[in-house]
Each structure stands twice: as structure tokens, then as C-alpha cells.
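*Asks:* Starting off with a structure, shown below.
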2 protein chains.
Amino acid sequence: MNIGAAARASGVSQRMIRHYEEIGLIPSAARRDSGYRDYSAADVHRLRFIANARDLGFAIGEIAKLLALWSDQKRSSGEVRSLALAHAGELGRKAEALAAMRQTLLALAEQCHGDDRPDCPILQRLED
Amino acid sequence: MNIGAAARASGVSQRMIRHYEEIGLIPSAARRDSGYRDYSAADVHRLRFIANARDLGFAIGEIAKLLALWSDQKRSSGEVRSLALAHAGELGRKAEALAAMRQTLLALAEQCHGDDRPDCPILQRLED
DNA sequence: CCTTGACCTTGACATGATGTGAAGGTCCAA
DNA sequence: TTGGACCTTCACATCATGTCAAGGTCAAGG
């Protein structure tokens, strides 16, 4: 399977497939005589795994660990669970940070009459 | 005031002060004969404004608009408010996306016994 | 058989915000 | 005068991703 087909089948763009190969997240693809990369069903499966992990917000380094656990028959599910929980914690922290900014903005916006007059508590807050 | 002092006074790193100058977010700093950048209290004030806006998660482009409104005596507070509300909406969407990922992970982790056995619903979900 | 269009290759540049490091000039106090 | 703290520019790195350019490959149709 060519890279284009693998991209369509896995949901990972051609660009990112080449990138993941370059940074060693996936092994170098097999090559045909022409130089074209050639992907097997197993390769596509691994790419799909990566796409799913990215959709859950895992960074490349974490995905590398997940891939290692995935292909390790002797893995402990506890290890996977720890990774997932650590990442969930990180996501929670980021979400809270964003929500806090949002709250601050909403509170300021509420104090702002929002008409044609120039005085504005939002700008006042920003300059302090 | 040298760039180091301006950085300390404003909370914007020297690196970012130079960067903001380069991309035109702030006007080119005055220069002494030595070539050193020289900052006034007003410059530091503007930098502090930028730092505050960044702390609220505004991107550079939005900050540019906020700065324009800030120095516009004829601005309407409604415009500022719209910007703030639009950004709050964006923050809300991002926070929700992160929270959704987090929920998915927590639900999966709950199904995972998390011991020494290798079977793991988290990995199963990732490979689908 | 040759052309055409779709596909592939590598390499480079861009984003956005920020850090780091190197090589070299400036300033000030002792 | 010298040492250390400060400044200058330039360049490279991050992370994930897009895009563009120049060129090779493949398959189908005239």
C-alpha cells in the first residue's frame, strides 16, 4: 500500500507518517524498487493507534511509551493505566487553567457596559 | 532603562521583547549611542499590558487588536467586549475538548483493573 | 509508444511562543 | 585597567503540522 492509501486508511496525514518515521516513532517503512514506501495492514493498524492516541491528546513521547506497552506481551495493565491517569491529570490541569482565564474574562465582560463609550474595565484590568 | 530592567519590570522576557519588536507588535525601541535599546515607563506599561493579555490566553493577533483599542481614545467598549467574549468562547471550547478527552481517559482507566495482567481496555480502545 | 495526470520522493520554509547558546561589544565599579 | 554584568545579533531547537518546489514513477488511454 502506498503512503497515500495508508494515510487515508489510518487518518494520519502523509506528512505526519513521514515525520513519525523520521523521528523514530514508527520503524522505517519498507520500500519498493521505485523508492515508494510500502505499508502493510499491521503498519496501518499502528498508525491508527497513533491517531487515536493523538485524538486523546497524548504527546509524541507518551505515544512512544504506549506503543511499547502495546507490543509488549508481558506488559502490566497497571503501567498503561498510570500513563493514562497521569495524562488525564495533565489534561485536567490545562482545562482548569483555560476555564479560569475564561471566568476572568466573563467577569470582566460583565462589568463592561459594552456600548459606544470608550471606558472599559477589561482594558483597565489589562494595563494593571 | 535597559532591556533587562524592562523585562524585570514588565514580566516579559528579553527574548520576547525583542521578538515582539521584530514582528511589529510593539514599535522599535529607542536606541542609545551604544546600540542598547532604551525603554520608557510608557514602554514598560505597554509590555505589562501584553503580559497580562497573554496570561489571559490571548494570541498575538488578538493582542495587537487590544493594543490598538487601548490607544484609541475613540474606541467603543463594545468592541473590546466582543473581542473578550469571542476569546472566552474559544477558551471554553478548548477547555471542553480537554475535559472530554479527560473523561474518556478516566472512563477507560476505570474499566482497567490496573494490575500485572496485560489485558487492558485502554490499549484496546486505542487500536480500534 | 508516448502523453497525461495522479501519485510518490526529498528538502526546505512557515507557523507560535519561547529557550538557549555563541561571538562579540558596552558599562560601571573597584 | 580589568572583571563581571549587561547588551547586541544570529542561529538553532522545540512540537505538530502545512505547504511548496523540483523531480521521479506509475497506470491508463490515444
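*Asks:* At 0.36 nm per residue, and after removing the present C-alpha to C-alpha distance, how many nm does the segment from B:Asp128 to B:Ala97 gain when stretched out fully?
*Replies:* Roughly 9.1 nm would be gained on extension.
*Asks:* Now for a different question. Over the protein assembly as shown, what portion of Cα pair distances is larger than 32 Å, expressed as a whole percent?
*Replies:* Distances greater than 32 Å cover 48 percent of the Cα pairs.
*Asks:* How much length is gained if the chain between A:Arg117 and A:Asp55 is pulled fully straight, taking 0.36 nm per residue apart and subtracting their Cα-Cα distance, in nm to one decimal?
*Replies:* 17.9 nm
*Asks:* Can you compute the charge dipole magnitude of the stretch B:1-50 about its Cα centre, using +1 on each Lys and Arg Cβ and -1 on each Asp and Glu Cβ, nothing else charged? Give it in debye, rounded to the nearest 20.
*Replies:* With only Lys, Arg, Asp and Glu charged at Cβ, the dipole is about 140 debye.
*Asks:* Also: Quick one: with label points 7 Å out along Cα→Cβ, list the inter-copy distances for B:Gln73 in nm, shortest first?
*Replies:* Spacings between copies for this position, smallest first, are 8.0 nm.
*Asks:* Mind checking the per residue accessible area of the stretch B:1-60 for me, 1.4 Å probe, whole number of Å²?
*Replies:* 55 Å²
*Asks:* Tell me, in nm to one decimal, what length is gained between B:Ser76 and B:Arg8 on full extension, where the rule is 0.36 nm per residue of separation less the Cα-Cα distance?
*Replies:* 21.2 nm
*Asks:* Moving on. Calculate how large, on average over all directions, the projected area of the Cα convex hull of the stretch A:77-128 is; give the answer in nm² to one decimal.
*Replies:* 4.8 nm²
*Asks:* At 20 Å minimum axial length over the Cα atoms and a Kyte-Doolittle cut of -1.0, report the qualifying DSSP H helices in chain A, or say none.
*Replies:* Those that pass (Cα extent of 20 Å or more, hydropathy at least -1.0) are A:41-55, A:77-111.
*Asks:* Nearest beta-carbon of B to the rotation axis carrying it onto A: which residue, how many whole Å?
*Replies:* Minimum Cβ distance to the axis, with residue: B:Ala95, 2.
*Asks:* How large is the Kirkwood hydrodynamic radius of chain B, in angstrom, based on all distinct alpha carbon pairs?
*Replies:* Hydrodynamic radius (Kirkwood, Cα only) of chain B equals 18.3 Å.
*Asks:* According to a simple spin-label model (label point 7 Å from Cα along Cα-to-Cβ), what is the distance in nm between A:Ala68 and B:Lys65?
*Replies:* For B:Lys65 paired with A:Ala68, the spin-label model returns 4.5 nm.
*Asks:* Something else about it: How far apart are the B:Ala5 label points across copies, placing each 7 Å from Cα toward Cβ, in nm, shortest first?
*Replies:* Inter-copy label distances (nm, one decimal, shortest first): 6.9.
*Asks:* Would you work out which of A:Ala100, A:Gly61, A:Gly89 lies farthest towards the positive end of the dipole of the stretch A:1-110? Charges go on Cβ: Lys and Arg +1, Asp and Glu -1.
*Replies:* Looking along the dipole axis, the top candidate is A:Gly61.
*Asks:* Let me ask something additional. Taking only Cα atoms and a 10 Å spring cutoff, compute GNM fluctuations for chain B and point out the largest among B:Arg81, B:Arg46, B:Arg102.
*Replies:* Sorting by GNM fluctuation, first place goes to B:Arg102.
*Asks:* With the full set of protein chains in place, find how many percent of the accessible area of the protein assembly as shown is carbon and sulfur; take the probe as 1.4 Å.
*Replies:* 49 percent
*Asks:* What are the nm distances, shortest first, from B:Glu22 to its equivalents in the other copies, labels at 7 Å along Cα→Cβ?
*Replies:* Copy-to-copy label distances for B:Glu22: 2.1 nm.
*Asks:* Pick from B:Ala107, B:Ala84, B:Ala68: which residue has the top mean-square fluctuation in a GNM of chain B where Cα pairs under 10 Å get a spring?
*Replies:* So, out of B:Ala107, B:Ala84, B:Ala68, the one fluctuating most is B:Ala107.
*Asks:* Could you tell me the total accessible area buried at the A-B interface, probe 1.4 Å, in square angstrom to the nearest hundred?
*Replies:* Buried surface at the A/B interface: approximately 4200 Å².
*Asks:* Give the calculated FRET efficiency between A:Arg15 and A:Glu90 to the nearest 0.05, with a Förster radius of 30 Å applied to their Cβ-Cβ distance.
*Replies:* Once rounded, the FRET efficiency stands at 0.70.
*Asks:* Something else: Quote the charge dipole size of chain B about the Cα centre in Debye, to the nearest 20; the model charges only the Cβ of Lys and Arg (+1) and of Asp and Glu (-1).
*Replies:* Its charge dipole is roughly 840 debye.
*Asks:* Another question about this same structure. Using helices alone, what [θ] at 222 nm do you get for the protein assembly as shown, with -39,500 (n - 2.57) per DSSP H run of 4 or more residues, divided over all residues and rounded to the nearest 500?
*Replies:* -21500 deg cm²/dmol
*Asks:* Still on this structure, I have one more. Roughly how big is the stretch A:77-128's charge dipole about its Cα centre, with Cβ charges of +1 (Lys, Arg) and -1 (Asp, Glu), in debye to the nearest 20?
*Replies:* Dipole about the Cα centre, nearest 20: 340 debye.
The values are calculated or read from the model by the stated rules, or taken from the named source; none is laboratory data. Please read all numbers here as calculations on a predicted model, not as lab measurements. As a convention, Cβ positions derive from the backbone with ideal geometry for all residues, glycine included, and neighbour counts pool all protein chains shown. Each accessible area value is taken on the protein alone, full model and side chains, heavy atoms only, with ligands, DNA and RNA left out. Shrake-Rupley method; radii C 1.70, N 1.55, O 1.52, S 1.80 Å.
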